[in-house]
Amino acid sequence: MNFEHSDKVKEYQSRLQSFMDEHIYPVESEVAKFHHDKKNEWQLWPNFEELKLKAQKAGLWNLFLPATYQKFSPGLTNLEYAPLAEMMGRVLWSSEIFNCSAPDTGNMEVLARYGNAEQQNKWLLPLLKGKIRSSFLMTEPQVASSDATNIETSIIKDGNEYIINGHKVWSSGALNPNCEIAIVMGKTDPTAPRHIQQSMILVPINTPGLTIQRPLTVFGYNDSPEGHGEITLVNVRVPEENIILGEGRGFEIAQGRLGPGRIHHCMRLIGMAQRSLELMAYRANNRVAFGKTFKDFSSIRQEIAISQCEIDQARLLCLSAADKMDKKGNKEAKDLIGMIKIVAPNMALRVIDRAMQIHGGMGLSQDFPMAHYFAAARMLRLADGPDEVHLYQLGKSIIHKYSN
C-alpha cells in the first residue's frame, strides 16, 4: 500500500494550510470567547459567513464529496480527503467553514445518493451551497439506539401525508439558527422483517409539532451554535414525497450514511491528537520544574514518544480504511472502518490526556484546545456506534473469516 500523497493532494494541503494560517488560527481564541459567552448561545460568530465565502472562492468547499459529485466539489477520494480532514480537525469549528461539518456531510451524502430530483433541488442544493444547515434525528432516549432496529418513532401514512410521532435526543445541528431541514429515522411498518421496518423522511425544522425541548451538553459544552437537541415530534405531518428512497429503506440508508461519516470523524480526531502532541512538545521544550526543562525528564520524553507512535498507527489505519473504501466500496471496507472507529477516539483520548497533564492546570482551561478536544473525543466513542457495537461486529466478522 502506497499512501504517498499525490501532487494534487499536496497542492490542496498547501492551500488549506495557508487558509488556516491566514483566516482560522488568528481568530480561534476570538471565536471560542464568543461561544463561551452565554449571551451568544445559538448565534453564529459574526464573521462565519464571510469566512465561508472566502473558502468558496479559494476552491476549498465540499471537499468531502467524492468524484461522482464533481459538479459541486473538487471530486476528491476518501484517501485524498483524509489529510485535509485531519487539518480541519485541529480547530473544532473549522470544518463548517469549508462546508465539511457533520451532520451536514452525512445528510448531503444521503440526499446525493438516495434522494430524488425534487428532494435534491429543494434541500441538497442549498446545503451544497452552504445556504442552510441540517440535523439528523435518529437516537432515542428510551431505547438502545446503537441498534437501529430498536427505533420506536412512528411514521404512519395518512392519505398523501405521513404523520410522525417520536422522541429524539442528540439531534446534532438542530439548534443552529440556519438549520432548516431534518432527516428523521422512524418505523413505517413495525410488523415487517426487522431490517425493513425503518424509513427516513425529510422534516422541515419549523413543521408544527416538532419541538426542540432543550440542548444537551457534552461535559458541560453545549457546542453552540449547532448544539445537540432533545426533540419531540407530536403528530408532525409532512407530504408523502418527503420519504427518502421509499418505505422500509431506512436501515439501508443508515448503513450507507454511516460509513463515510465514521471515517470523517476519525480523520478529524487524528488532527486533534496531532495538534495536542505538538503543543505537548512545545510545552516540554519551554517549561521548567525542579531545576530541569520538561524535555529532560525521561517520563515526559516517553509520553511524547508513545503519543507519536499511536498517532501514526491510527493515521495509517485510517488511510488504509479510506483506500479500501475507494477501491472496494464501503461494504467491503466495513471491518477497517470498524477498526479505525474503535482505535481513533481511544488513541485521541490518551494523547489529549497526556497533553493536558503536561500543561498542568491550564491544560484543563479554555486557554488551550485540549479540554474541548477531550469532550469531543469521548463523545465520539459513542457517536456513530459505541465501541462495544464495533467490537461485537468486528469480532463476529473475524471469527467468520477464520472459521471457514
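Largest first, the extents of the alpha carbon coordinates of segment 133-246 on the three principal axes equal 40, 27, 22 Å.
Run the helix sum for the chain: -39,500 (n - 2.57) per DSSP H stretch of 4+ residues, divided by residue count, reported at 222 nm to the nearest 500 deg cm²/dmol. Numbers along the way, then the final one.
On the way: 12 runs with 182 residues, N = 404.
Calculated mean residue ellipticity at 222 nm is -15000 deg cm²/dmol.
Between 0 and 90 degrees, the angle of helix 370-379 with respect to the longest Cα principal axis of the chain falls at about 40 degrees.
Note on Glu11 and Glu388: the model spin-label points, each 7 Å out from Cα along the C-beta direction, lie 4.9 nm apart. Annotation: peptides 322-330, 289-297, 352-360, 21-29, ranked by per-residue average of other Cβ atoms within 10 Å with the highest first, follow the order 352-360, 322-330, 21-29, 289-297. For Met370, the shell of other residues with beta-carbons less than 13 Å away shows a net charge of +3, using +1 for Lys and Arg and -1 for Asp and Glu. Highest mean first, the peptides 390-402, 191-203 sorted by other C-beta atoms within 10 Å per residue fall in the order 191-203, 390-402.
For segment 251-402, report the translational diffusion coefficient in µm²/s to the nearest whole number, using Stokes-Einstein at 10 °C, 1.306 mPa s, and a Kirkwood Rh over Cα pairs. Estimated via Stokes-Einstein, D reaches 96 µm²/s. Hydrodynamic radius of the chain by the Kirkwood approach over all distinct alpha-carbon pairs: 22.1 Å. Take 165-173, 309-317 and order them by the average number of nearby Cβ atoms within 10 Å per residue, most first; the result is 165-173, 309-317.
Beyond 23 Å, what share of the Cα-Cα pairs of segment 7-128 remains, rounded to the nearest whole percent?
Tail of the P(r) past 23 Å holds 34 percent of the pairs.
Each residue of segment 33-48 was assigned a 3J(HN,Hα) from its phi angle through the Karplus curve 6.51 cos²θ - 1.76 cosθ + 1.60 (θ = phi - 60°); the sequence is 4, 4, 7, 7, 7, 4, 5, 9, 4, 6, 10, 7, 3, x, 9, 4 Hz, with glycine and proline shown as x. Between Gln313 and Asn150, the contour length at 0.36 nm per residue exceeds the alpha carbon distance by 55.2 nm.
Annotation for segment 67-128 versus segment 309-341: alpha-carbon center distance of 19 Å.
Pairs over the 21 Å Cα-Cα cut-off, from the set Lys39/Lys131; Lys10/Lys334; Lys57/Lys129: Lys39/Lys131; Lys10/Lys334.
Bear in mind these aren't lab numbers, they're just calculated from the coordinates by the rules spelled out. From a predicted model like this one, the values you see are computed outputs, not experimental measurements. Positions of Cβ are backbone-derived with ideal geometry, glycine not excepted, and every protein chain shown enters the neighbour counts.
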